[in-house]
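Single-structure report; data block below.
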Amino acid sequence: MKDNSAQIDEIRSLMGSGRLAYVRSFGCQLNVSDGEKIKGLLMQMGFGFTDDEHKADIIILNTCAVRESAEDRVFGIVGSMKKLKEQKPSLIIGVAGCMTAQSHIAEKIKRSYPQVDIVLGTSALSALPGLLLDVLHGRGFSADISEYDDFSQAAVQVRESSFKASVPIMFGCNNFCTYCIVPYVRGRERSRRPEDIISEVRQLAADGYKEIMLLGQNVNSYGNDFGDGEGISFPELIRRINDIEGDFIIRFMSSHPKDASRELIDAIFDCEKAAKHLHLPVQSGSSEVLRRMNRRYTAERYMETVDYIRSRDPDFSLTTDIIVGFPNETEEEFGETLDMIKKVKYDNIYSFIYSKRSGTRAAGFEDAVSDEEKSRRMRRLLEVQREISTEHYKRFVGRTLRVLADGVSRKRPGYLTGKSNEAIIVEFPGNEELIGSFAGVRVTGSMNWAVTGEII
Ligand code: SAH
Ligand code: SF4
Ligand code: F3S
């Protein structure tokens, strides 16, 4: 960890008060959580925050590398910021996040985007004050993508919500699914110490947070990197967090199906604070595609896990991620994915067209499937899922759900939206003062993306 307190003080005195920062995160919840830590550092340096990049004195783009579209978006935005910089030469522009960990991207930024002053790696957040000082002292472009942050300790954060908090429990990934860039940009698995996680959650609960989202690329392998007898498993961590005093719900993601054990499922059912929902990314319903993806489970093994969950609660809510058009996916293999979603009856799926990531194994796989065909499969998948959720959401009608109200409905004036314990979106008439608290909502109607109801 960099001791940056002297640098922070120097920036405070150099920059004075009233300076504004614009921080935008593009990736997963872990990336958003890093964005909150970057904001924490900027706050310590005396910055306020704005959502308008035109008003900003410093802009940090916290990037994602998981799909090409995410990277293209960032390059588009960085390109358009050239103008902002011409209008305001003192503007400082930084690029952070997973894109910076790919050397060809870091070089491209340096070579083609002179408006960028700072490049900040995902394990070097504490270097930000030093990099900023370099720029303020006129030393030019400044980059640090080393790995030295103490990842276990809680950092100062400016959280996006006052009632929902993300708590990373581990960083990195060891799985090397053949399509995925994450292990290359996030490094190997590192678990935070249980006592650091528990004291952070205890503080959040005391501060009135109502949803605690535990984060990791595969939370099921939490603790595997501790020495023998030193660590605890993820199910045990859930149980200990469940024992923390306070009225909050525990969620987590993502859970790799190869490691989704009975102990995990039993912990979900035993712990009253654990959400009765599991995000279990299947990626494909074809065992052959799963083998080419290096997912290390078969469709049959995945179904055994689902069957165990549903034997304990037939209505249990499951969601998933699916990749459409993996290299050389046949029509038949795609059909197996459709069969899978019909069998499992997910409440929601997050589906992505395969995106080739240079450096991954699948980037070298032959792919004869056309882009048009991939788009057609995607439309078909979404169509089938729409029918499933329309039908499946009806099971909630007449039931009372415990809902955390989290905002006003954009479509219906006078309505609030919230998320139920089962991770279903619920819309109901209610006063804005309820936002950030739990309500019991009796469900009166259902759609394919949400249910509606009334507070009881
Ligand atoms: N660690 C999580 C996944 C994080 S990435 C897990 O294993 O479940 C989130 C999702 O992005 C993945 O589940 C996958 O569906 C999708 N994804 C990852 N790499 C991709 C790629 N190259 N092309 C398309 N989708 C991809
Ligand atoms: Fe990527 Fe697989 Fe790791 Fe998830 S488990 S982050 S998909 S390599
Ligand atoms: Fe993207 Fe990095 Fe998350 S690649 S999905 S922001 S870990």
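The values are calculated or read from the model by the stated rules, or taken from the named source; none is laboratory data. Computed from a prediction, not measured in an experiment: that's the story for all the values here. Don't worry about glycine lacking a Cβ; one is built from the backbone with ideal geometry, like all the others, and counts go over all protein chains shown. SASA here: full protein model, heavy atoms, side chains in, ligands and nucleic acids out. Shrake-Rupley method; radii C 1.70, N 1.55, O 1.52, S 1.80 Å.
Between T390 and D207, what is 0.36 nm times their sequence separation minus the Cα-Cα distance? Round to one decimal in nm.
62.1 nm
Could you compute the longest span of the chain free of trypsin sites (Lys or Arg not before Pro) located in DSSP loops and having at most 11 other Cβ atoms within 10 Å, not counting the site residues?
For trypsin sites (Lys or Arg not before Pro) (loop position, at most 11 other Cβ atoms within 10 Å), the longest site-free span of the chain is 189-409.
Lysines near K258 by alpha-carbon distance under 22 Å, same-chain residues fewer than 8 away left out - which ones?
Reachable lysines: K276, K342, K343, K345.
Over the alpha carbons of region 397-455, what is the largest minus smallest coordinate on each principal axis, giving the biggest first in Å?
25, 21, 17
Ranked by accessible surface with a 1.4 Å probe, highest first, in what order do Y113, Y415 come?
Putting Y113, Y415 in descending order of accessible area: Y415, Y113.
Which value, in Å², gives the accessible area per residue of the chain when a 1.4 Å probe is used on the protein heavy atoms?
On a per-residue basis, the chain sits at 44 Å².
E230 to D315: FRET efficiency via 1/(1 + (r/R0)^6), r the Cβ-Cβ distance, R0 51 Å, to the nearest 0.05?
0.85
Roughly how many Å² of D144 are accessible to a 1.4 Å probe, to the nearest 10?
20 Å²
Out of the GluC sites (Glu not before Pro) in region 182-277, which ones are loop residues according to DSSP with at most 11 other C-beta atoms within 10 Å?
Those that pass, being in a loop and sparsely packed, are E230, E245, E272.
Would you calculate a helix-derived [θ] at 222 nm for the chain, using -39,500 (n - 2.57) for each DSSP H run of n ≥ 4 and dividing by the full residue count, to the nearest 500?
After summing the helix terms and dividing by residue count, I get -11000 deg cm²/dmol.
In whole percent, what relative contact order does region 397-455 give with Cα contacts below 8 Å and a gap of six or more residues?
37 percent
Need one number: % antiparallel among DSSP beta bridges in the chain, to the nearest 5.
Once the DSSP bridges in the chain are tallied, antiparallel ones form about 35 percent.
Between K356 and I455, what is the spin-label point distance in nm, taking each point 7 Å from the Cα along the Cα→C-beta axis?
5.4 nm
Measure off 7 Å from each Cα along the Cα-to-Cβ vector at E263 and A154, then give the distance between these two points in nanometres to one decimal.
Going from the E263 label point to the A154 one covers 2.6 nm.
Can you tell me the length gained on complete extension of the stretch S13 to H104, counting 0.36 nm per residue apart and subtracting the Cα distance?
29.1 nm
Taking the Cα centre of each part, how many Å lie between region 1-47 and region 317-334?
The distance from the Cα centre of region 1-47 to that of region 317-334 comes to 40 Å.
Run the accessible area of the chain with a 1.4 Å probe and give the carbon-and-sulfur part as a rounded percent.
47 percent
Quick check: pseudo-label points 7 Å beyond the Cα along Cα→Cβ at R402 and R188, how many nm apart are they?
4.0 nm
How high is the relative contact order of the chain, in percent, with contacts defined as C-alpha pairs under 8 Å that are six or more residues apart?
About 10 percent, as a whole number.
Show me, bin by bin at 20 Å from 0, the whole-percent P(r) of the chain based on Cα pairs.
P(r) over the chain, rounded to whole percents: 23, 55, 22, 0.
Using the Cα centre as the reference, give the magnitude of the dipole from point charges on the C-beta atoms of region 161-274 (Lys, Arg: +1; Asp, Glu: -1; all else neutral), rounded to the nearest 20 debye.
The dipole magnitude comes to about 480 debye.
Would you work out if region 224-357 is rounded, prolate or oblate? Take a ≥ b ≥ c from the square roots of the eigenvalues of the alpha-carbon gyration tensor; rounded if a/c is under 1.5, else prolate when a/b is larger than b/c, oblate otherwise.
prolate
How high is the relative contact order of region 130-285, given as a whole-number percent (alpha carbon pairs under 8 Å, six or more residues apart)?
That works out to 20 percent.
With all protein chains present and a 1.4 Å probe, how do H277, H256 order by accessible area, largest first?
Heavy-atom accessible area, descending, gives H277, H256.
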